[in-house]
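**Q** Before I ask anything, let me first share the structure, which is written out below as structure tokens.
The values are calculated or read from the model by the stated rules, or taken from the named source; none is laboratory data. As the structure is a prediction and not an experimental result, all values here were calculated from the model. Backbone-built Cβ (ideal geometry, glycine too); neighbour counts: all protein chains shown.
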Amino acid sequence: MSIAKEFQASKNELENKVILVSGGGSGIGKEAALAFAECGAEIVLLGKNSDHLEETYNEFEARKLRSPILHQLDLETTTEEELKKINNALIEEFGKLDGLLNNASILGDKSPIESYKFEVWKKVFDINVHATFLLTKSLLPALRLSKEGSIIFTSSGVGRIGKAYWGAYSLSKFATESLGQILSDELENTSNIRVNSINPGAVRTQMREQAYPAEDPKINKEAKEILNAYLYLMSDKSIGISGDSIDAQ
Ligand SMILES: NC(=O)c1ccc[n+]([C@@H]2O[C@H](COP(=O)([O-])OP(=O)(O)OC[C@H]3O[C@@H](n4cnc5c(N)ncnc54)[C@H](OP(=O)(O)O)[C@@H]3O)[C@@H](O)[C@H]2O)c1
């Protein structure tokens, strides 16, 4: 959808919106959170590494953006109870949640199925699939209180076509695409929440380096250069768009 890729957000595009970003302390999530805040949104960051969260917090301060709310938790071990507490805190503080960017993921091993370690397989599913489901489910009450809610799931090229050695990560992204489509269908007539997925494409982050250690990182765009589609899907300009899979590049 070229309208998403070419979208130019205005300074106040996301004013009065509250947006939660999982994996918001580093990589694409960090840059997306900063871009949402630059457009006026109130940001809630969820991440595992407290140093990353703090660095991102400091970057918000340095840019004179409203301070983000931080939730340090491990999506591998989190519980529905812990995530429901975040939902309740959002309702108490803001009365709603307008946007959820499901961005946190791990790569796991790049390995043939024949030798793929089951412990790694399970960990990838726990973080990329089970925790994404639980986080989304737990935050739906707050999202239902938004006038126009938006959920973005983060997919991948290998979430649409399976490729050798991408193992559990590829399956987890197929599952993510499916979760987004199911939820979009379920919410269509019962809420004002739209649900879409984004494939960021190749982006210069720690995950990309892990996947392609021999590649020159400079050939890929930086996270801050691929955010138009993210801003489009969070903005009211995308009202009515749901169940779509969008390429950021
Ligand atoms: N980069 C690419 O080329 C590319 C391509 C296609 C799709 N994607 C997708 O884009 C999204 C962002 O990827 P990225 O490239 O920015 O990767 P990244 O730099 O590795 O960032 C991954 C994020 O996930 C968070 N995370 C991982 N495990 C977690 C856990 N157990 N609990 C809580 N948070 C956890 C990390 O948080 P901490 O910093 O706190 O550890 C980090 O913020 C992912 O869904 C990825 O699959 C990326």
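**Q** Among the residues that make up segment 81-90, is at least one of them under 24 Å from residue 40 (Cβ atoms) and within 14 Å of the ligand (Cβ to nearest atom)? Can you show your working first?
**A** In the first step, residues of segment 81-90 are kept if they are under 24 Å from residue 40 (Cβ atoms); the result is 86-87, 89-90.
Add one more test, that the residue is within 14 Å of the ligand (Cβ to nearest atom), and what stays is 86.
Yes: segment 81-90 contains one or more residues that are under 24 Å from residue 40 (Cβ atoms) and within 14 Å of the ligand (Cβ to nearest atom).
**Q** Does residue 151 qualify as being among the hydrophobic types (A, V, I, L, M, F, W, C), touching a strand residue (DSSP E or B) at 6+ places or on another chain (Cβ under 6 Å) and either within 21 Å of residue 47 (Cβ to Cβ) or within 16 Å of the ligand (Cβ to nearest atom) (or both)?
**A** yes
**Q** Name the residue, out of 95, 47, that is closer than 24 Å to residue 212 by Cβ and either within 15 Å of the chain's Cα centre (by Cα) or among the small types (Gly, Ala, Ser) (or both).
**A** 47
**Q** May I ask you to list pairs of residues, at least six apart or on different chains, whose Cβ atoms are under 8 Å apart, with the first in segment 179-201 being more than 16 Å from residue 233 (Cα to Cα) and the second being aromatic (Phe, Trp, Tyr) and surrounded by 23 or more Cβ atoms within 10 Å (Cβ to Cβ)?
**A** 179/153
**Q** Modelled with pLDDT of 95 or more, within 23 Å of residue 36 (Cα to Cα) and either more than 13 Å from the ligand (Cβ to nearest atom) or more than 16 Å from the chain's Cα centre (by Cα) (or both): which single residue out of 228, 199 fits that description?
**A** Working: 199 fails: either more than 13 Å from the ligand (Cβ to nearest atom) or more than 16 Å from the chain's Cα centre (by Cα) (or both).
Unique residue meeting the criteria: 228.
Here's the yes/no breakdown for (1) surrounded by fewer than 18 Cβ atoms within 10 Å (Cβ to Cβ); (2) more than 13 Å from the ligand (Cβ to nearest atom); (3) over 17 Å from residue 159 (Cβ atoms); (4) at pLDDT 95 or above:
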residue: 217; (1), (2), (3), (4): yes, no, yes, yes
residue: 223; (1), (2), (3), (4): no, no, yes, yes
residue: 233; (1), (2), (3), (4): no, yes, no, yes
residue: 244; (1), (2), (3), (4): yes, yes, no, yes
residue: 249; (1), (2), (3), (4): yes, no, no, yes
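**Q** For residue 40, indicate whether it is on the phi > 0 side of the Ramachandran plot, surrounded by fewer than 24 Cβ atoms within 10 Å (Cβ to Cβ) and away from the ligand (no atom under 15 Å from the Cβ).
**A** Values: on the phi > 0 side of the Ramachandran plot: yes; surrounded by fewer than 24 Cβ atoms within 10 Å (Cβ to Cβ): yes; away from the ligand (no atom under 15 Å from the Cβ): yes.
So residue 40 fits the description; yes.
**Q** In segment 92-116, what residues are exposed (fewer than 14 other Cβ atoms within 10 Å of the Cβ) and within 20 Å of residue 43 (Cβ to Cβ)?
**A** Result: 92, 93, 95.
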